[in-house]
Amino acid sequence: MTELPCATDVEPRKERTGMGGQSVTLAIPEDVRVTIQETVERTGRDFSAVANEMLTEAAKMRRFPGIIFADGPTGRRARIEGTGIDVFEIIGGYRSVGECWEDLRPAFHWLSEPQLRTALAYAETYPEEIERHFGSDDVSAIEAVWAAHPETRPPWR
């Protein structure tokens, strides 16, 4: 096992991290450490940042079964499992129908009621996370990726 400082409340010390969390010592299984290290090497981020992101996402997925996290053009985002639909997309649809549940259902007719309700509950719990997606220019981010990697541009674009 590897000891890992992270921003969770396991064995708190008085020392505070710059991320607003508490520094703790945490023993993690070797296979988890390897997974974190592989992500560090792939992304160039530091070990602590990757471990904290993974812990945070795991806690959110446990709190909201049916939510997963995936990489997007502007970073990690909450998604409805098995659909490819990000939570912020559902919230955008919800807003476009005046936050009317009866109008949201047909707009996402292929999703179940529990999937939609989970997305709404997630967004209500983590509004800052959702709002970041509305404040970002996803179209510009996608265009930048396509400019750097033309082979990824869909043929219809």
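The values are calculated or read from the model by the stated rules, or taken from the named source; none is laboratory data. As the structure is a computational prediction, the values presented were derived from the model and not from experiment. Every residue, glycine as well, gets a Cβ built from its backbone with ideal geometry; the counts of neighbours run over all protein chains shown.
Quick notes on this structure:
- Checking each residue in the range 106-115 for being out of contact with any helix residue (DSSP H, G or I) (no Cβ under 6 Å at 6 or more places or on another chain), part of a helix (DSSP H, G or I) and either assigned by TED's automatic domain parsing to the domain that holds residue 57 or surrounded by 14 or more Cβ atoms within 10 Å (Cβ to Cβ) (or both) picks out only 115.
- Residue 102 vs. criteria outside the structural domain of residue 127 (by TED's automatic domain parsing) and either outside any helix (DSSP H, G or I) or modelled with pLDDT of 90 or more (or both): no
- Residues located in the range 34-61, provided they are exposed (fewer than 15 other Cβ atoms within 10 Å of the Cβ) and either in the same structural domain as residue 123 (by TED's automatic domain parsing) or polar (S, T, N, Q) (or both): 37, 43
- Residue match in the range 66-73 (condition: touching a Ser or Thr at 6+ places or on another chain (Cβ under 8 Å), of a type in the set (Val, Ile, Thr), touching a residue at least 40 places away in the same chain (Cβ under 8 Å) and in a loop (DSSP other than H, G, I, E, B)): no
- In the set (1) at pLDDT below 90; (2) within 17 Å of residue 69 (Cα to Cα), the condition left unmet by residue 134 is number (2).
- Residue 118 satisfies every condition listed in (1) modelled with pLDDT under 95; (2) in a helix (DSSP H, G or I) except (1).
- Selection of the range 28-61 for residues being in contact with a strand residue (DSSP E or B) (Cβ under 6 Å, 6 or more places away or on another chain) and farther than 22 Å from residue 78 by Cα yields 28, 33.
- So residue 71, is it within 22 Å of residue 132 (Cα to Cα) and surrounded by fewer than 14 Cβ atoms within 10 Å (Cβ to Cβ): yes
- The one condition in (1) surrounded by 17 or more Cβ atoms within 10 Å (Cβ to Cβ); (2) modelled with pLDDT of 95 or more that residue 65 fails to fulfil: (1)
- Residue within the range 79-102 that is surrounded by 11 or more Cβ atoms within 10 Å (Cβ to Cβ), polar (S, T, N, Q) and without any contact (Cβ under 8 Å) to a residue 12 or more places away in the chain present: yes
- Checking residue 78 against (1) modelled with pLDDT under 95; (2) not in a helix (DSSP H, G or I), the condition it does not meet: (1)
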